Amino acid sequence: PLVLGIESSCDETGVGIVRGREVLANVIASSVDEQARYGGVVPEIAARAHLEAMRPTLERALETAGVRIADLDAVAVTAGPGLAGALMVGVGAAKALAVTARKPLYGVNHLVGHVTADQLHATGAEPVPVELPTVALLVSGGHTSLLLVRDLVEDVELLGETLDDAAGEAFDKTARLLGLPYPGGPSIDRAAQDGDPTAIRFPRGLTAPKDRERHRFDFSFSGLKTAVARHVERTEADGGALAVADVAASFREAVVDVLVTKALDACAATGVPRLLLGGGVVANRRLRDVATTRAEAAGVRLRIPPFDLCTDNGAMIAGLGARLVEAGATPSGAGFGVDSTLPVGQVLLS
Ligand code: ATP
Ligand code: MG
Ligand code: FE
């Protein structure tokens, strides 16, 4: 099926068009430069930026794919989780499109969209074999979730998630503590290049034996952030110079260590020897390297989609819509709304 997908859950306005699993267009407009002035995503600014970017992004996607709205079999849109005001812009646009063009509309789960990204391929490229079940680690500025995916449409289970900050958020907040620019991920990555990752032993949240029962697959990064803040304060109080590169490298190591350890632990516990990574934090070189090495040692097949499919994008939403059409799922009703805390087990809004 030919499906157009709209994504607007955070600061990316994304419109993608797929035919089955083939990506015909994946156009993204990001308000990250505007957000950078405030050192983080401001919901109101994100919503406004979506409103401005939506129509040109839609038009460019249709043009790139060389299809007309009339050709579409369905429209899909992220209904949650995400920022409510931002989601509303995408859902509003999708409803208008679906009603005027008389197309079925699917309001779908953003996180399951991230998982779908792994099954997509570019025009002219070899189709990607679908490998399920898989454990999926989704890490971005808004979420840190560990999932067990047996079937995209029928069976997505949440194994654990962050209890406080998301991994990307931890990078952003720590960068600010170190006087590095937003977004924090890339700037910490750069600063860490010449640093010693063993210089400071920062805490690994929820890995103590007492946490293994209740929070085995959950994450916590606020203690790590506080530990960095303490370190900065102490250094200043002692009148010493802050070794930014060492702090950045040690911080990054702590985050990466916890993410990879828990993800591979989930593979072992579920008996599923596959791990899929998704989300903007996957841009982190160290995360990719550590995951690659340790997955190989554990006999786990690691999959990392191309980066433009890892960050928020419309193609993954269109791809999920196509799976739903193929599965014969009933489209969402006319009155569905946005759900900023949509649970991962709910793939489609009714
Ligand atoms: P959502 O959470 O809804 O998916 P988002 O906009 O927060 O939305 P992304 O755009 O996928 O998520 O990712 C942005 C996040 O990824 C930011 O927190 C950023 O700091 C982080 N990030 C980007 N590059 C890197 C990197 N090299 N290392 C670590 N984190 C990174
Ligand atoms: Mg973003
Ligand atoms: Fe996302």
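None of the figures in this text is laboratory data; all of them are computed from the coordinates on show. Please read these numbers as outputs of a predicted model, since none were measured by experiment. For neighbour counting, all protein chains shown are included, and Cβ atoms are generated from backbone atoms with ideal geometry for every residue, glycine included.
Scanning segment 1-22 for residues that are away from ligand 3 (no atom under 13 Å from the Cβ) and outside any strand (DSSP E or B) yields a count of 3. If only residues of segment 186-244 that are part of a helix (DSSP H, G or I) and among the hydroxyl-bearing types (Ser, Thr, Tyr) are counted, the one that is nearest to Leu264 (Cα to Cα) is Ser222. With respect to the conditions (1) surrounded by fewer than 20 Cβ atoms within 10 Å (Cβ to Cβ); (2) acidic (Asp, Glu); (3) more than 23 Å from Leu158 (Cα to Cα); (4) away from ligand 3 (no atom under 16 Å from the Cβ), Glu253 falls short on a single one, namely (1).
Each residue in segment 305-338 was checked for being assigned to a helix (DSSP H, G or I) and β-branched (Val, Ile, Thr), and 2 of them qualify. Scanning segment 286-304 for residues that are part of a helix (DSSP H, G or I), in contact (Cβ under 8 Å) with a residue 12 or more places away in the chain and surrounded by fewer than 20 Cβ atoms within 10 Å (Cβ to Cβ) gives Arg286, Arg288, Val290, Arg294, Ala298.
Filtering Ala248, Ala254, Ala266 for residues that are assigned to a helix (DSSP H, G or I), closer than 19 Å to Ala166 by Cα and away from ligand 1 (no atom under 16 Å from the Cβ) leaves a single hit, Ala266.
So, in segment 215-258, of the ones that are more than 27 Å from the chain's Cα centre (by Cα) and among the acidic types (Asp, Glu), which residue ends up farthest from Gly185 (Cα to Cα)?
To start, the set of residues in segment 215-258 that are more than 27 Å from the chain's Cα centre (by Cα) comprises 230-244, 246.
Pick out the ones that are also among the acidic types (Asp, Glu) and you get 233, 236, 238, 246.
Details: Glu233: 22, Glu236: 24, Asp238: 28, Asp246: 15 Å.
The residue in question is Asp238.
Checked against the criterion of being touching a residue at least 12 places away in the same chain (Cβ under 8 Å), over 23 Å from Gly20 (Cβ atoms) and part of a helix (DSSP H, G or I), the candidates Ala86, Ala96 yield just one match: Ala86.
One residue stands out in segment 269-285 among those that are outside any strand (DSSP E or B) and within 15 Å of ligand 1 (Cβ to nearest atom): the one that is farthest from Arg190 (Cα to Cα), namely Gly279.
Before we move on, is Asp151 crowded, with 16+ Cβ neighbours inside 10 Å and either out of contact with any helix residue (DSSP H, G or I) (no Cβ under 6 Å at 6 or more places or on another chain) or more than 26 Å from Thr330 (Cα to Cα) (or both)? The answer is no for Asp151. Considering Ser222, Ser187, the condition of being more than 16 Å from ligand 2 (Cβ to nearest atom), of a type in the set (S, T, N, Q), under 30 Å from Glu34 (Cβ atoms) and in contact with a Leu (Cβ under 9 Å, 6 or more places away or on another chain) is satisfied by Ser222 alone. Restricting attention to segment 118-139, the residues that are under 18 Å from Leu287 (Cβ atoms) and surrounded by fewer than 24 Cβ atoms within 10 Å (Cβ to Cβ) total 1.
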